[in-house]
Amino acid sequence: MTRQDATTLTGLRPLALWTGVLMISVLPTGLSAQENGYPHADEPIGTVEEMYGGKLLPDEAVSTFRNIDRLFPVRTIEAGGEVHSLPNAPQDLESLTFVSGEKTYDLYDFLALDNITALLVLKDGKIAYETYQRGNTPETRWMSMSIAKSITSTLAAIAIEDGRLDGLDAQVTEYVPSLKGSAYDGVSVRDVLMMASGVAWNETYTDPASDRRALLKAQISQEPGSLMEVMAALPRAAEPGMRNNYSTGETQVLAEVVRGAVGKPLADYLSEKIWKPYGMEADANWWLDSPDGAEIGGSGISATLRDYGRFGLFILDEGRIDGQSVLPEGWVREAAGPSELADGKPLDYGYMWWTGWTEASKADGAFAAVGIQGQNIYINPAKNVVIVTFGAQPKPVGKEPIDPMVFFDAVSAALK
């Protein structure tokens, strides 16, 4: 699969008929989004079919992407305590130019052509540039898409450091009993993190018969355990650790592993280990597979631009909070990739993080959490830079006229 094909999208109208099921989603506190004062609460939103089919009008796409907590039940990722400061230290990016393909572009071209609705650039932990477009504000919670995968993998790392998850060689079925007797027998946590379990999977978003759509249908059913039923029914296609195959289902398996290891919901664990102690500014939300159920490991987090930026800083700083890392030693470098399959074959992928794919990003050891339709957290350890984008591209994949990594490289090089 290409990088552009390797992310996830889900969604549904809050009052929509889908396969005969009427769904109404509310916030777990019992308060409506309007009562919580969310500025976008009254906007109309689209359906899952329109999102997958690329048939949302531009304004409707934007309003849908910033209201994903109206699509499914969610659990709150609570913030609290002292907010991690992001001082302003503006830098001039308006004169920036760069070449992507055979064409020269600037900042304005990237924002317009790649349909970017918010952009945050952090240099040395300070805000070098920030803009909100299409009605977004600093209070806007935006969909993560597959950025959630990188967050789920980070929670797995914390569970290992906590001693609750027995390392990368631990067997998946030790923590997810419902997968015993399935193709996940003999699959390790490392295999799942590398999306190399050997379990067959078709990630094609636009194909109603794909495994990805089957997983989505299970999510829409809101039946507890239905997602693991989908995963348990899959056949084996290769030996564990031998073949990388991008799979949103793999991240759902990892989410179940973490939940089984720590004995609590992922949103609560994320709040306890990162969101509160690192000083996130606002509560976030995470989709559930059923009311008060399990989090969707591969998507469904909605958070503010600056809090995604703070998560990038947390990773850039090796997971340190108050001077002490909550991650295993060396985890970030290993998780960022590249990695190797069991037969020694190199893999330009880490533990649910994407390695940089341009020469400049490779030279800097840059890596990224990437979600379809323009969601990115880019991390450049050599230049101490984090860049976050919100996007509302018209199709799930293939609609980025400008390679975002080229833009990120150019910004990183231009910052003083």
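The values are calculated or read from the model by the stated rules, or taken from the named source; none is laboratory data. As the structure is a prediction and not an experimental result, all values here were calculated from the model. Ideal geometry is used to build each Cβ from the backbone, glycine not excepted, and the neighbour counts take in all protein chains shown.
A compact table of results
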{"quantity": "Region 81-90 - residue that is small (Gly, Ala, Ser) and modelled with pLDDT of 95 or more and, of those, surrounded by the most Cβ atoms within 10 Å (Cβ to Cβ)", "calculated": "89"}
{"quantity": "Output for region 359-396, where each listed residue is out of contact with any Leu (no Cβ under 9 Å at 6 or more places or on another chain) and either within 20 Å of residue 103 (Cβ to Cβ) or of a type in the set (Val, Ile, Thr) (or both)", "calculated": "359, 360, 361, 370, 374, 377, 391, 393"}
{"quantity": "Yes/no for residue 360 being without any contact (Cβ under 8 Å) to a residue 60 or more places away in the chain, in contact with a helix residue (DSSP H, G or I) (Cβ under 7 Å, 6 or more places away or on another chain), under 22 Å from residue 128 (Cα atoms) and outside any helix (DSSP H, G or I)", "calculated": "no"}
{"quantity": "Subset of region 95-136 [part of a loop (DSSP other than H, G, I, E, B), modelled with pLDDT of 95 or more and of a type in the set (Asp, Glu)]", "calculated": "114, 124"}
{"quantity": "Selected residue [closer than 25 Å to residue 220 by Cβ, over 19 Å from the mean Cα position of the chain (by Cα) and in a loop (DSSP other than H, G, I, E, B)] from 291, 240", "calculated": "291"}
{"quantity": "From the options 72, 65, residue that is surrounded by 14 or more Cβ atoms within 10 Å (Cβ to Cβ), under 22 Å from the mean Cα position of the chain (by Cα), within 20 Å of residue 133 (Cα to Cα) and among the aromatic types (Phe, Trp, Tyr)", "calculated": "65"}
{"quantity": "Some residue of region 263-278 being within 25 Å of residue 86 (Cβ to Cβ), part of a loop (DSSP other than H, G, I, E, B) and touching a Phe, Trp or Tyr at 6+ places or on another chain (Cβ under 9 Å)", "calculated": "yes"}
{"quantity": "From 243, 259, residue being charged (D, E, K, R), within 20 Å of residue 175 (Cβ to Cβ) and touching a residue at least 24 places away in the same chain (Cβ under 8 Å)", "calculated": "259"}
{"quantity": "Scope region 397-416; condition touching a Phe, Trp or Tyr at 6+ places or on another chain (Cβ under 7 Å) and either buried (at least 22 other Cβ atoms within 10 Å of the Cβ) or assigned to a helix (DSSP H, G or I) (or both); matching residues", "calculated": "405, 406, 407, 408, 410"}
{"quantity": "Residue in region 220-228 that is part of a helix (DSSP H, G or I), closer than 21 Å to residue 352 by Cα, touching a residue at least 24 places away in the same chain (Cβ under 8 Å) and more than 19 Å from the chain's Cα centre (by Cα) present", "calculated": "yes"}
{"quantity": "Residue within region 202-210 that is among the hydrophobic types (A, V, I, L, M, F, W, C) and modelled with pLDDT of 95 or more present", "calculated": "no"}
{"quantity": "Residues of region 66-94 satisfying the condition of being under 30 Å from residue 221 (Cβ atoms) and not in a strand (DSSP E or B)", "calculated": "66, 67, 68, 69, 70, 71, 72, 73, 78"}
{"quantity": "Those residues of region 294-342 which are among the aliphatic types (A, V, I, L, M) and either in contact with a Lys or Arg (Cβ under 8 Å, 6 or more places away or on another chain) or closer than 15 Å to residue 152 by Cβ (or both), in sequence order", "calculated": "294, 296, 301, 303, 315, 326, 327, 335, 341"}
{"quantity": "Qualifying residue in region 141-160 (condition: farther than 28 Å from residue 175 by Cα and of a type in the set (S, T, N, Q))", "calculated": "no"}
{"quantity": "Scope region 257-291; condition closer than 16 Å to residue 152 by Cβ and of a type in the set (Lys, Arg); matching residues", "calculated": "259, 264, 273"}
{"quantity": "Options 93, 120, 111; residue that is surrounded by 20 or more Cβ atoms within 10 Å (Cβ to Cβ), in contact with a strand residue (DSSP E or B) (Cβ under 9 Å, 6 or more places away or on another chain) and of a type in the set (A, V, I, L, M, F, W, C)", "calculated": "120"}
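Residue-wise test of (1) surrounded by 22 or more Cβ atoms within 10 Å (Cβ to Cβ); (2) touching a Ser or Thr at 6+ places or on another chain (Cβ under 9 Å); (3) not polar (S, T, N, Q).
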position: 331; (1), (2), (3): yes, yes, yes
position: 336; (1), (2), (3): yes, yes, yes
position: 339; (1), (2), (3): no, yes, no
position: 344; (1), (2), (3): no, no, yes
position: 351; (1), (2), (3): yes, yes, yes
position: 354; (1), (2), (3): yes, yes, yes
position: 358; (1), (2), (3): no, no, no
position: 362; (1), (2), (3): no, yes, yes
position: 367; (1), (2), (3): yes, yes, yes
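Results for (1) touching a Leu at 6+ places or on another chain (Cβ under 9 Å); (2) under 25 Å from residue 275 (Cβ atoms); (3) in a loop (DSSP other than H, G, I, E, B); (4) in contact (Cβ under 8 Å) with a residue 60 or more places away in the chain, shown as yes or no for each residue.
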site: 150; (1), (2), (3), (4): no, yes, no, yes
site: 154; (1), (2), (3), (4): yes, yes, no, yes
site: 165; (1), (2), (3), (4): no, yes, yes, yes
site: 169; (1), (2), (3), (4): no, no, yes, no
site: 185; (1), (2), (3), (4): yes, no, yes, no
site: 197; (1), (2), (3), (4): no, no, yes, no
site: 202; (1), (2), (3), (4): no, no, yes, no
site: 205; (1), (2), (3), (4): yes, no, yes, yes
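Let's see how each residue does on (1) touching a Ser or Thr at 6+ places or on another chain (Cβ under 6 Å); (2) at pLDDT below 95; (3) not charged (D, E, K, R):
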site: 178; (1), (2), (3): no, no, yes
site: 187; (1), (2), (3): yes, no, yes
site: 234; (1), (2), (3): no, no, yes
site: 252; (1), (2), (3): no, no, yes
site: 259; (1), (2), (3): no, no, no
site: 275; (1), (2), (3): no, no, yes
